Structure formats: C-alpha cells, structure tokens
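The values are calculated or read from the model by the stated rules, or taken from the named source; none is laboratory data. This structure is a prediction, so every number in the text was calculated from the model and none was measured. So basically every Cβ, Gly included, is an ideal-geometry build from the backbone, and we count neighbours across all protein chains shown.
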Amino acid sequence: MSPSQARNAIKRALKELLDPRLSKLEQASIWAHFQNQCAFCGAPIEKANRNGHLDHLVPESRGGRNALVNRVLGCHTGNGDEKLDADWREFLETKEQSQIVRAERVERIESWVQSHGGSLTLDAKARALLSSEFEKVNAVFTTACGDIKRAI
Ligand SMILES: [Zn+2]
C-alpha cells in the first residue's frame, strides 16, 4: 500500500465511525423496496448477476451519507457511466420519457427517503470533525514517511 492509499484508507476508516456502512439486513431492505429494479431507469436487476449497485442519491463526493436514507438501488450502467455527481432528479429526467413513469419513480425514491428520515448528507459539524481529526493523523503519518525516506 502506498502512502497515498494509506491516507485514503485512514480517511475512510475515520468516516466510517460517523457514517457506518450498511448492514446486510439494510442492504436487503433496499432491494425489497425497489423490487429488484433500478430506481432511475427501471431496468431489472438481479443480485446474482452483480449488475446492481447501492447508489448514493447525494454522492459521497458532495457529502452524501452511507445511511439508508441516501441509498437506492441502481443499475451499473446508470451509476458507473452516467450519474456520477449529477443531481438524482435531473438524472432521472434523462432516463425516462414518460412523465407518468418518471413521477412513479420519483415517488418511490421520495417515499424511501421519508420513511428513513434524517439528512442525506453529513452535517457541517461532522465534516469539520472528520477533517480536523484526519489532519492530525496525516501530520504524524507525513512525518513518519519523511523520517523513513531520510533514513534509507
Ligand atoms: Zn438504471
């Protein structure tokens, strides 16, 4: 593992304390709510085919949480290639011509969000805490990397 990979791993480990990964039971509840269909384009998804993804409504890069409230079932095509950092409502607009079908999909996502409550994103206080704690670890780690490089 390179130093930069280690920094990313430390960042993720600290974040997980405030924003845990989904349990197996939570993951199963997402599959059930979205009835094995992509929340955005409606494509059928089979767990066995590994073509499904527990997508973030608000991407992690924009502070989106890992919690159920921010997660929906998406197909690999949609998540990997297209959605990325797009707003989920705008993304959904592009995936379906029929206004009626679009409204049903929005409703299914909104009912999911409402039934779980809470914020889709980490609040500013949590982000600030993560950032300041990471900086402490990073300073020590950077010093250690430098000391080792100078010693060899
Ligand atoms: Zn899709």
Legend entry - For K83: the one exception among (1) at pLDDT below 95; (2) surrounded by fewer than 18 Cβ atoms within 10 Å (Cβ to Cβ): (2)
Inset, instruction - Working only within the range 32-44, note down all residues that are within 14 Å of the ligand (Cβ to nearest atom) and in contact (Cβ under 8 Å) with a residue 24 or more places away in the chain. - result: F34, N36, Q37, C38, A39, F40, C41, G42, A43
Inset, instruction - Find the residue count for the range 7-39, including only residues that are surrounded by 13 or more Cβ atoms within 10 Å (Cβ to Cβ) and in a helix (DSSP H, G or I). - result: 12
Inset, instruction - Please name all residue pairs, on different chains or six or more residues apart, with Cβ atoms under 7 Å, provided the first residue is in the range 94-106 and is under 17 Å from H33 (Cβ atoms) and the second residue is among the small types (G, A, S) and within 14 Å of the ligand (Cβ to nearest atom). - result: R105/A39; R105/G42
Inset, instruction - Name every residue in the range 41-61 that is outside any strand (DSSP E or B) and modelled with pLDDT of 85 or more, in order of residue number. - result: C41, G42, A43, I45, E46, L57, V58, P59, E60
Inset, instruction - Using the structure shown, decide if E93 is modelled with pLDDT of 85 or more and within 15 Å of the ligand (Cβ to nearest atom). - result: yes
Inset, instruction - Could you please find all residues in the range 27-62 being closer than 22 Å to A103 by Cβ and hydrophobic (A, V, I, L, M, F, W, C)? - result: I30, A32, F34, C38, A39, F40, C41, A43, I45, L57, V58
Inset, instruction - Kindly list the number of the only condition in (1) among the aromatic types (F, W, Y); (2) modelled with pLDDT under 95; (3) surrounded by fewer than 19 Cβ atoms within 10 Å (Cβ to Cβ) that fails for W88. - result: (3)
Inset, instruction - Filter the range 117-141 down to residues that are within 19 Å of the chain's Cα centre (by Cα) and surrounded by 15 or more Cβ atoms within 10 Å (Cβ to Cβ) and give me whichever is nearest to G64 (Cα to Cα). - result: T121
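Each row is one residue, and each column tells you yes or no for (1) within 11 Å of the chain's Cα centre (by Cα); (2) closer than 18 Å to W112 by Cα; (3) among the hydroxyl-bearing types (S, T, Y); (4) within 16 Å of the ligand (Cβ to nearest atom).
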site	(1), (2), (3), (4)
L17	no, no, no, no
S23	no, yes, yes, no
E46	no, no, no, yes
D55	yes, yes, no, yes
N66	yes, yes, no, no
C75	no, yes, no, yes
R89	no, yes, no, yes
Q99	no, no, no, no
